[in-house]
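Colleague: One structure is given below, represented as structure tokens, and several questions about it will come after.
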Amino acid sequence: MEISEHIQIVAEEGKLLARAAAEAGTDAKVPTCPGWQVRDLLRHAGMVHRWAAAFLTERRTSYRLGGELPDLDGDSLVEWFREGHAALVATLESAPLDVECWTFLPSPSPLAFWARRQANETTVHRVDAESARGGTPSPLDVDFAVDGIEELLFGFHARKKSRVRSDVPCVLRVRATDARTWTLRLSDGPPVAEQGATAPADCEVSGPATRLYLALWNRLPFPQVTGETALAALWREKSAIVMG
């Protein structure tokens, strides 16, 4: 996907997130994030937006922790989130294509990294906000879901930090029935992802790309699991992401 497409997704998804959060109220529980209320979601997402924007605006070339969470609630917290989201979008739109700053996943450029990363970050948390509000969730684009799955498989879980590991080497197939297929080789090291059905699978998780995207982010159950279900359970238990 193009940088401009990711930025547009950041813009649209952030507005949807704020709207859903305002409609749910900050006391509402977030079913997709057990233990969280909407206020926790807004504080986290708003902090991440400001953290990401700072790398671009300040040309930060090394890792820094995010800022403190605000002591705000209710409408004031929603507005604080909106302000940070708008600033992130403006930063992404105005940053030069050759901007240099810190990143933590492979990417064609730092700007491409941050646009993609915040598109997925904001989309997943929009889903969280809508789960708190209830009702029909906003749709996802298939191409974006495929791109997001690849960020997860080829980016996050290629890192040493990935806890998706198996003492016995095995293969997990990820099949988007309306798009493409990936093979994930599991061992006692970081998972190795490959495009296509490159090896016989011990377990396959499959479904439409948009549902599979949310399942891999642990926001929905896997639409379908065949083979050794323990591998699907391993993903759900161990795949939580640590940033940086």
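The values are calculated or read from the model by the stated rules, or taken from the named source; none is laboratory data. Keep in mind the model is a prediction, meaning the values are calculated, not measured. Because the Cβ atoms are built from the backbone with ideal geometry, glycine has one as well, and the counts that use them run over all protein chains shown. When the accessible area is computed, the model is the full protein with side chains, heavy atoms only, and any ligands, DNA or RNA have been set aside. Shrake-Rupley method; radii C 1.70, N 1.55, O 1.52, S 1.80 Å.
Colleague: Counting only residues that are out of contact with any Phe, Trp or Tyr (no Cβ under 8 Å at 6 or more places or on another chain) and acidic (Asp, Glu), which one in segment 143-159 is surrounded by the most Cβ atoms within 10 Å (Cβ to Cβ)?
Modeller: This residue is Asp147.
Colleague: Kindly provide the set of residues from segment 16-25 that are under 16 Å from the mean Cα position of the chain (by Cα) and surrounded by 24 or more Cβ atoms within 10 Å (Cβ to Cβ), ordered by number.
Modeller: Selection gives Leu17 alone.
Colleague: Can you go through Glu79, Glu83, Glu13 and tell me which one is closer than 21 Å to Glu130 by Cα, among the charged types (D, E, K, R) and crowded, with 17+ Cβ neighbours inside 10 Å?
Modeller: Glu13
Here is a yes/no grid of residues against (1) aliphatic (A, V, I, L, M); (2) in contact with a strand residue (DSSP E or B) (Cβ under 8 Å, 6 or more places away or on another chain); (3) open to solvent by less than 20 Å² (accessible area, probe 1.4 Å); (4) without any contact (Cβ under 8 Å) to a residue 12 or more places away in the chain:
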| residue | (1), (2), (3), (4) |
| --- | --- |
| Lys161 | no, no, no, no |
| Val164 | yes, yes, yes, no |
| Val171 | yes, yes, yes, no |
| Val225 | yes, yes, no, no |
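Colleague: Return the residue satisfying two criteria in turn: it lies in segment 67-76 and is outside any helix (DSSP H, G or I) and not charged (D, E, K, R), and of such residues it is least open to solvent (accessible area, probe 1.4 Å). Spell out how you get there, then give the answer.
Modeller: Residues of segment 67-76 outside any helix (DSSP H, G or I): 67-73.
This time we only want the ones that are not charged (D, E, K, R), so: 67, 69-70, 72.
On the way: Gly67: 52, Leu69: 100, Pro70: 23, Leu72: 61 Å².
The residue in question is Pro70.
Colleague: Consider Ser62 carefully, then state whether it is under 19 Å from the mean Cα position of the chain (by Cα), at pLDDT 95 or above and part of a loop (DSSP other than H, G, I, E, B). Write out each step before concluding.
Modeller: Working: under 19 Å from the mean Cα position of the chain (by Cα): no; at pLDDT 95 or above: yes; part of a loop (DSSP other than H, G, I, E, B): yes.
For Ser62, the condition - under 19 Å from the mean Cα position of the chain (by Cα), at pLDDT 95 or above and part of a loop (DSSP other than H, G, I, E, B) - is not met.
Colleague: State which residue pairs qualify: first residue of a type in the set (D, E, K, R) and inside segment 45-63, second residue not in a loop (DSSP other than H, G, I, E, B) in any location, beta carbons under 7 Å apart, and separation of 6 or more residues or different chains.
Modeller: Listed pairs, sorted by first residue: Arg50/Gly84; Arg60/Ala54.
Colleague: Kindly establish whether Leu231 is part of a helix (DSSP H, G or I) and either at pLDDT below 95 or buried (at least 20 other Cβ atoms within 10 Å of the Cβ) (or both).
Modeller: Spelling it out, Leu231 is indeed part of a helix (DSSP H, G or I) and either at pLDDT below 95 or buried (at least 20 other Cβ atoms within 10 Å of the Cβ) (or both).
Colleague: Could you please find all residues in segment 80-115 being over 25 Å from His157 (Cα atoms) and of a type in the set (A, V, I, L, M)?
Modeller: Hits for segment 80-115 are Ala86, Ala87, Leu88, Val89, Ala90, Leu92, Ala95, Leu97, Val99.
Colleague: A follow-up question, please. Looking at the structure I just gave you, is Val205 open to solvent by less than 10 Å² (accessible area, probe 1.4 Å), within 25 Å of Glu121 (Cβ to Cβ) and either in contact with a Gly (Cβ under 7 Å, 6 or more places away or on another chain) or part of a strand (DSSP E or B) (or both)?
Modeller: Yes, satisfied.
Colleague: Which one of these does Ala90 not meet: (1) under 27 Å from Arg50 (Cβ atoms); (2) open to solvent by 20 Å² or more (accessible area, probe 1.4 Å); (3) assigned to a loop (DSSP other than H, G, I, E, B)?
Modeller: Exception for Ala90: condition (3).
Colleague: Given the conditions (1) more than 19 Å from Gln8 (Cα to Cα); (2) buried (at least 20 other Cβ atoms within 10 Å of the Cβ), which single one is not true for Leu140?
Modeller: The one condition Leu140 does not meet is (1).
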